[in-house]
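Asker: Can you read through this structure? Questions will come right after.
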């Protein structure tokens, strides 16, 4: 059975926009503020003596989505109900986030829309079976620990390959296919885990880039 979270990115390898690639981190700042970046939260944490973050990992909407996930934890565990409005908001956040991250990760050159609009990167989620699996929801944070560990190494490797890809695009105008596919896989893995943590799905995310 396919995993109930599907991330699709239209492949863009050749004829890349070198100018927007050169300034991609700056251009992406408005979206990072709203829906977060990749690994930025670790930097923010290191800059504070109390070890807290400024929400740059998930952005403003992501921070709200994860607070609402705490509310959903109680409603699902004790009542078996995931409030529809919360679910719609979390889906909206992930749709925006996949577009923003595809742009930030150099996977696409088109500037992402603010909100919902057509874009060559998308996410689709299949609703979990009812009744919800209250046991896995109750222990969701503990169950996700192996995923957090694996993602740390995957995204660390992606940052290294992203720097290499940035230089390659600037000099050749093309994104190496192997590195591109790895970036898409890292994005797919990250969003599957986020959907799992937001309680949008009950199926355990695969340890896979595909």
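Read-outs throughout are calculated quantities, based only on the coordinates presented, and are distinct from any laboratory measurement. This is a predicted model, so every value here is computed, not measured.
Asker: Could you state the number of Å between the C-alpha centres of the stretch 55-86 and the stretch 167-210?
Answerer: The two parts, judged by their Cα centres, are 23 Å apart.
Asker: A further question on this structure: Based on alpha-carbon atoms only, what is the radius of gyration of the stretch 128-184 relative to the globular estimate 2.2 N^0.38 Å? Walk me through the numbers on the way to the answer.
Answerer: On the way: Rg = 17.9 Å, N = 57, 2.2 N^0.38 = 10.2 Å.
Scaled against compact globular proteins, the figure is 1.75.
Asker: At 0.36 nm per residue, and after removing the present C-alpha to C-alpha distance, how many nm does the segment from residue 17 to residue 141 gain when stretched out fully? Can you show the working numbers first?
Answerer: Numbers: separation 124, 0.36 × 124 = 44.64 nm, distance 4.00 nm.
Answer, rounded to one decimal: 40.6 nm.
Asker: To continue, here is another question. Computed on alpha carbon atoms, what radius of gyration and Dmax characterise the stretch 56-116, expressed in Å?
Answerer: Here Rg and the maximum Cα pair distance are 13.9, 45 Å.
Asker: Follow-up question, since we're still on this one. Note down the Stokes-Einstein diffusion coefficient of the stretch 152-210 in µm²/s, whole number, using a Kirkwood radius over alpha carbon pairs, 20 °C, and 1.002 mPa s.
Answerer: Values: Rh = 12.5 Å.
Here the translational diffusion coefficient equals 171 µm²/s.
Asker: As a test of the definition: which semi-axes, in Å, follow for the stretch 67-152 when you take the square root of five times each eigenvalue of its alpha carbon gyration tensor? Largest first, please. Walk me through the intermediate numbers first.
Answerer: Values: eigenvalues 163, 59, 21 Å².
Listed largest to smallest, the semi-axes of the stretch 67-152 are 29, 17, 10 Å.
Asker: Further, regarding this structure: Treating the stretch 5-197 as a set of equal point scatterers at the Cα positions, no solvent, please give the Debye-formula log₁₀ I(q)/I(0) at q = 0.09, 0.11, 0.15 Å⁻¹.
Answerer: Debye curve over Cα of the stretch 5-197, log10 I(q)/I(0) at q = 0.09, 0.11, 0.15 Å⁻¹: -0.35, -0.52, -0.94.
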